[in-house]
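Visitor: Attaching a single structure in structure tokens format; questions to follow.
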Amino acid sequence: MRSLPLFLAVLQAVEPTPLPERPPDGAAAAPAIRGADIDLLRAVRTIAGRVAEMQGAAFERPPVAVRASAELREAAAEIRALNAAPRDRLEARGRAWVDIGLGSAESPARVYRVLAADLDGVGFDPQGNRLLVDPERLTDADFDAGASDPAAILMSTGVRPDEPLVGHVLVHVRQRERSGADWLGATTDGTLARVAWAEGEANLLAIRYLFEGLGLSDAAIESGLDPGAVLDGRLLPPGLDGLAAAERELVRFVYEDGFAAAAAAFRADGFAGVARSAGRRTTTRDLSHGDLEPLGRSSDAADPALPPGLALADEDVLGEQGIFVLVSTLTGKDNLALQAADGWIGDRLLRFEPRTAGSPDRGMTHWRTRWVDEAASADFEYALVRSLEARFPGRTFAEVGPGTRVLATPERVFRIEREPIEVRLVVVPPDPPAPTERPGRS
């Protein structure tokens with residue numbers, strides 16, 4: 001195998017030329033999906049043959065690819081996100097996230113849309129199990145690069161500039177064939193874990209595809225390479241740095257930690273090992289701790305009693321990674337966040353809102369977390385108190401009873417209750433009705 005220094009030198013030479021900017025407002029839009037593009041189909045199926053050879057498994061049927069404008073790809077991503085989590089639930093979830101301090105009201109929907117859209121220029125439609133390819137990608141213009149163009153350097157290895165991206169999305173086609181379902185799901189933790197495995201496997205293939213012609217595919221995986229370090233960052237979602245802090249860290253987990261976990265599983269047992277790990281390690285805790293036996297699912301917790309007139313508007317699980325992001329973004333302390341999230345075994349973030357329309361701000365957020373032992377629950381309680389006090393400078397929690405603390409602002413009242421292996425956070429308006437009934441689902 002060639003040396004790692006040679007691999008790193010080549011890495012600097014394979015950043016493709018930037019694509020043309022989208023036309024300004026008022027200019028003609030890129031063409032929408034049209035009839036079959038035979039050249040595109042031929043190119044994609046050639047790439048699919050290499051993907052199948054690299055993964056050691058054939059596609060169930062020849063992959064389908066169509067030309068699609070940026071607007072159409074965005075619409076497809078929006079539909080995909082809403083199929084996983086309906087708009088009303090994501091809006092209610094956003095209000096729950098605001099209550100606990102995890103981003104803005106738009107954050108859940110934005111994270112889902114970014115994950116659904118995936119890469120720039122090549123989208124995936126899981127319902128049709130097909131690729132949506134930008135009209136400017138994988139065209140004859142690839143063959144017109146000058147000798148000094150980075151794209152020409154890449155093509156000299158037998159790889160067109162967009163082939164690794166197409167290979168990435170073709171892995172998603174195979175994943176859909178394997179599972180029969182989308183990996184975007186109803187809860188944050190489950191979605192982050194499943195999408196991390198899906199994107200990790202896809203980028204593992206894309207990077208091996210990129211360096212295969214140089215005999216450096218193994219070196220790329222063994223080096224602990226960041227997927228954002230190749231192809232001018234095009235193996236990551238576009239606009240990642242422009243997301244709000246909490247959103248950005250959740251998405252980075254998917255692509256960076258997902259790739260690291262997939263690479264570790266691949267080194268142990270190839271692509272079959274990646275698929276097995278994805279099937280067993282279905283929480284962010286499981287993905288992050290390959291040395292621990294997987295939980296498989298988060299620990300359940302009972303529904304709380306509810307005030308009259310409220311209904312369950314959304315149910316979420318934040319998981320270990322959601323807790324890490326919450327604490328790290330509110331306090332700026334990654335070490336505290338790591339300690340706070342360690343020992344998580346389950347949580348349920350419930351959002352209850354009035355049955356009557358137009359008054360969601362009168363709702364209640366109830367977050368129940370479960371921990372492996374009393375020390376872990378105490379660590380989380382401490383970090384949660386620190387986080388909320390950092391969010392509201394000058395305000396502190398007051399102890400109002402054994403294991404119970406309260407912090408009040410003009411808009412919301414925050415109540416933390418701790419038992420040996422549970423910590424509960426309840427966020428309500430300043431004057432909620434007394435709890436009397438069990439939850440209903442709107």
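The values are calculated or read from the model by the stated rules, or taken from the named source; none is laboratory data. As the structure is a prediction and not an experimental result, all values here were calculated from the model. Reconstructed Cβ throughout: ideal geometry from the backbone, glycine too, with neighbour counts over all protein chains shown.
Visitor: Quick check, is G309 crowded, with 22+ Cβ neighbours inside 10 Å, in contact (Cβ under 8 Å) with a residue 60 or more places away in the chain and not hydrophobic (A, V, I, L, M, F, W, C)?
Guide: no
Visitor: Of R73, R50, which residue is in a helix (DSSP H, G or I), assigned by TED's automatic domain parsing to the domain that holds E212, touching a strand residue (DSSP E or B) at 6+ places or on another chain (Cβ under 6 Å) and not small (G, A, S)?
Guide: None of the other options fit; the residue is R73.
Visitor: Can you find even one residue in region 253-261 that is assigned to a helix (DSSP H, G or I) and more than 13 Å from the chain's Cα centre (by Cα)? Spell out the reasoning first.
Guide: We begin by selecting, within region 253-261, every residue assigned to a helix (DSSP H, G or I); these are 253-261.
Next cut, more than 13 Å from the chain's Cα centre (by Cα) only: 260-261.
Yes, that holds for at least one residue.
Visitor: Please determine, by comparing only the residues of region 220-252 that are acidic (D, E) and closer than 23 Å to H289 by Cβ, which one is nearest to the chain's Cα centre (by Cα).
Guide: E249
Visitor: Moving to a separate point now. Before we move on, is V44 within 25 Å of the chain's Cα centre (by Cα) and modelled with pLDDT of 95 or more?
Guide: No: the conditions fail for V44.
Visitor: Right, here's the next one. Here are some conditions: (1) in a helix (DSSP H, G or I); (2) of a type outside the set (S, T, Y); (3) not assigned by TED's automatic domain parsing to the domain that holds A383. E293 meets all but one. Which one does it not meet?
Guide: (1)
Visitor: Follow-up question, since we're still on this one. Within the bounds of region 202-221, is there any residue that is under 30 Å from G94 (Cβ atoms) and not aromatic (F, W, Y)?
Guide: yes
Visitor: A further question follows. Cβ contacts < 6 Å: first residue farther than 9 Å from S387 by Cβ, restricted to region 323-337; second residue modelled with pLDDT under 95, any location; separation 6+ or different chain. Result?
Guide: Qualifying pairs under 6 Å: none.
Visitor: Are there helices (runs of 4 or more DSSP H) fully within region 85-190 with at least 1 residues that are modelled with pLDDT under 95 and touching a helix residue (DSSP H, G or I) at 6+ places or on another chain (Cβ under 8 Å)? List them.
Guide: It comes to 150-155, 163-179.
Quick grid of which residues meet (1) modelled with pLDDT of 95 or more; (2) outside any strand (DSSP E or B):
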site	(1), (2)
A357	no, yes
W367	yes, no
Y382	yes, yes
E389	yes, yes
V406	yes, no
R424	yes, no
P433	no, yes
P439	no, yes
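Visitor: Out of all the residues in region 293-301, is one or more under 30 Å from A58 (Cα atoms) and not charged (D, E, K, R)?
Guide: Within region 293-301, one or more residues are under 30 Å from A58 (Cα atoms) and not charged (D, E, K, R).
Visitor: T396: exposed (fewer than 14 other Cβ atoms within 10 Å of the Cβ), among the hydroxyl-bearing types (S, T, Y) and outside the structural domain of A105 (by TED's automatic domain parsing), yes or no?
Guide: Working: exposed (fewer than 14 other Cβ atoms within 10 Å of the Cβ): yes; among the hydroxyl-bearing types (S, T, Y): yes; outside the structural domain of A105 (by TED's automatic domain parsing): yes.
Judged against the criteria, T396 is a match.
Visitor: Looking at S377, is it touching a helix residue (DSSP H, G or I) at 6+ places or on another chain (Cβ under 6 Å) and either within 25 Å of D314 (Cβ to Cβ) or not basic (K, R) (or both)?
Guide: No: the conditions fail for S377.
Visitor: Applying the selection to region 228-240, what residues are in contact with a helix residue (DSSP H, G or I) (Cβ under 7 Å, 6 or more places away or on another chain) and surrounded by fewer than 19 Cβ atoms within 10 Å (Cβ to Cβ)? Step through it out loud before you land on a result.
Guide: As a first pass, look at region 228-240 and keep what is in contact with a helix residue (DSSP H, G or I) (Cβ under 7 Å, 6 or more places away or on another chain): 229-231, 234-237, 240.
Answer for region 228-240, where residues must be in contact with a helix residue (DSSP H, G or I) (Cβ under 7 Å, 6 or more places away or on another chain) and surrounded by fewer than 19 Cβ atoms within 10 Å (Cβ to Cβ): A229, L240.
Visitor: Give the residue, chosen from A390, A340, that is of a type in the set (A, V, I, L, M), surrounded by fewer than 17 Cβ atoms within 10 Å (Cβ to Cβ) and not assigned by TED's automatic domain parsing to the domain that holds R95.
Guide: Answer to the check: A390.
Visitor: Same structure, new question: Name the single residue, out of those in region 212-252 being part of a loop (DSSP other than H, G, I, E, B) and charged (D, E, K, R), that is modelled with the lowest pLDDT.
Guide: Only one residue tops the list, namely D226.
Visitor: Check A193, A272, A260 and return the single one that is surrounded by fewer than 22 Cβ atoms within 10 Å (Cβ to Cβ), aliphatic (A, V, I, L, M) and under 30 Å from S104 (Cα atoms).
Guide: Values: A193 fails: surrounded by fewer than 22 Cβ atoms within 10 Å (Cβ to Cβ); A272 fails: under 30 Å from S104 (Cα atoms).
The match here is A260.
Visitor: Residue pairs, Cβ under 7 Å, 6 or more apart or interchain, first in region 89-104 and on the phi > 0 side of the Ramachandran plot, second part of a helix (DSSP H, G or I). List them.
Guide: Cβ pairs passing all conditions: G101/L326; G101/L330; G101/S387; G101/L388; G101/R391; G103/W97; G103/A246; G103/E247.
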